[in-house]
Amino acid sequence: VTPVGPDCVGVAVLGGDQRPFAARLRDFPALMERLPATAVDRPRGAGPLRQRVTSRVHGRALLVGDAAGYLDALTGEGLAISFRCARALVDRVCSDEPERYERDYRVITRRYQLITAAMLAAARRPSLRRMIVPAAQRLAPVFTSAVNALAR
Ligand SMILES: Cc1cc2nc3c(=O)[nH]c(=O)nc-3n(C[C@H](O)[C@H](O)[C@H](O)COP(=O)(O)OP(=O)(O)OC[C@H]3O[C@@H](n4cnc5c(N)ncnc54)[C@H](O)[C@@H]3O)c2cc1C
């Protein structure tokens, strides 16, 4: 649940369930209670949002943000990566070496690619998926370190 403005929140439901958004929202009665009855607007988008990108550089046209490649919203770091890449992109364009941005992108996103891909792979296996939240609870310091590593 993401605050968007004084009278607006974005609500995203993550998971593989194919039911309509309103039906899935009913699985969260505590959240429904806090939303006004008329609050649920039409869905603004639906995943999967993965963007596979083979190259982010074409001459002086460079890709940044989700357009440069995207795995999943799972780890909540799309903006941090986008801002770091935007800075690298501007630096490379200003120094007239745009081709070097591709490597910058790989360095900036390496940890995200590894951890998020591992989380997604685990989530695809029901036996592992069921263990993720209990394991995060039991190994709270390890989980906190992983989150902090992603946020750095
Ligand atoms: C459910 C969910 C939760 C997330 N949670 C987090 C989080 O907690 N923290 C975090 O950092 N990131 C999070 N992200 C990721 C983050 O939202 C994205 O990484 C970020 O918004 C990417 O910015 P962007 O500018 O590349 O793309 P976008 O924000 O998608 O912006 C692209 C813009 O281009 C516009 N557009 C598209 N096509 C056209 C067209 N043909 N002509 C003109 N305009 C067009 C779109 O309308 C949009 O406004 C989340 C994503 C999702 C889906």
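Name the helices (complete DSSP H segments) of the chain with a Cα length along the long axis of 27 Å or more and a Kyte-Doolittle mean of at least -1.0, or state none. TM-like helix candidates: 101-124. In this calculation the C-beta distance from Arg124 to Asp66 is compared with R0 = 22 Å, giving a FRET efficiency of 0.55.
Take every Cα pair under 8 Å whose residues are at least 6 apart in sequence, average their separation, divide by the length of the chain, and the relative contact order is 15 percent.
Rule-based calculations on the coordinates, nothing more; no lab input. These figures come from a predicted structure and were not determined experimentally. Backbone-built Cβ (ideal geometry, glycine too); neighbour counts: all protein chains shown.
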